[in-house]
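No lab work stands behind these numbers, since they all come straight from the coordinates. Just so you know, these numbers come straight off a predicted model, no measurement behind them. Quick reminder, even Gly has a Cβ in these numbers, built from the backbone with ideal geometry, and neighbours come from all protein chains shown.
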Amino acid sequence: MTRTETAGFRPVLLLTGAYVALSVLTFVVIVLFRDHPAMVTDAVWVRATIVVASSLLTFAFARSAARGSRKGLLRLRIVSAVMLVAIVVIVVLPGLFPLWLRIEQAACGVLLLGVTLLVNGRALRAR
């Protein structure tokens, strides 16, 4: 893949990098507030762990796709769409998670929506 083709992935790399940063920051906040059961429930711990892992995978797949890997692009397309659906469910279901985590997940969803739209768009797939 040429430098010009790799540059087409720059927005995807930025969005997935922001997803990693937000996920890791959220996990740090959870660790800091672990003694506040109203804010940090067992479900919050589980969800945050899954989100950090998926964000790291998403970023790794984005880097692989940016280097020209078709498998990396396919994996990125699948993971970003699946996580986006999971986030939508978490945001709309009342009572499952504290409001602060649902807001954070909505922000992650916006980032993943951008990724999903970009990696499934004609311009990027054509590269």
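How much length is gained if the chain between VAL31 and VAL46 is pulled fully straight, taking 0.36 nm per residue apart and subtracting their Cα-Cα distance, in nm to one decimal? Don't jump to the answer; show the numbers that get you there.
Details: separation 15, 0.36 × 15 = 5.40 nm, distance 1.24 nm.
Result for the pair: 4.2 nm of gain on full extension.
Could I have the simple spin-label model distance between MET39 and ALA81, label points 7 Å from Cα toward Cβ, reported in nm to one decimal?
3.8 nm
Which order do the peptides 82-88, 25-31 come out in when sorted by mean C-beta neighbours inside 10 angstrom, highest first? Working shown, then result.
Working: 82-88: 18.1, 25-31: 15.6.
Descending packing order for the listed peptides: 82-88, 25-31.
Short version: ³J(HN,Hα) in whole Hz for each residue of region 95-110, in order, from phi by Karplus 6.51 cos²θ - 1.76 cosθ + 1.60 (θ = phi - 60°), x for Gly and Pro, what are they?
Result, ordered by residue: x, 6, 9, x, 4, 4, 6, 5, 5, 4, 5, 4, 5, 4, x, 4 Hz.
If we count every other residue with Cβ under 14 angstrom of LEU56's Cβ, Lys/Arg +1 and Asp/Glu -1, where does the sum land? Could you put the intermediate results ahead of the total?
On the way: positive: ARG63, ARG75; negative: none.
Net charge around LEU56: +2.
What percent do you get for the relative contact order of region 3-126 when only Cα pairs under 8 Å and 6+ apart count?
Value for region 3-126: 33 percent.
Can you pull the semi-axes for the chain, root of five times each eigenvalue of the Cα gyration tensor, sorted largest first, whole Å? Intermediate values should be presented prior to the final figure.
Values: eigenvalues 182, 38, 21 Å².
Taking √(5λ) for each Cα gyration eigenvalue gives 30, 14, 10 Å.
Dipole magnitude of region 3-126 about its Cα centre, charges +1 at Lys/Arg Cβ and -1 at Asp/Glu Cβ only, in debye to the nearest 20? Walk me through the intermediate numbers first.
On the way: 13 positive and 4 negative charges, 152 e Å.
Here region 3-126 has a charge dipole of around 740 debye.
On full extension of the chain, what length is gained from ALA106 through SER69, given 0.36 nm per residue of separation minus the C-alpha to C-alpha distance?
Values: separation 37, 0.36 × 37 = 13.32 nm, distance 2.93 nm.
Gain on extension, ALA106 to SER69, equals 10.4 nm.
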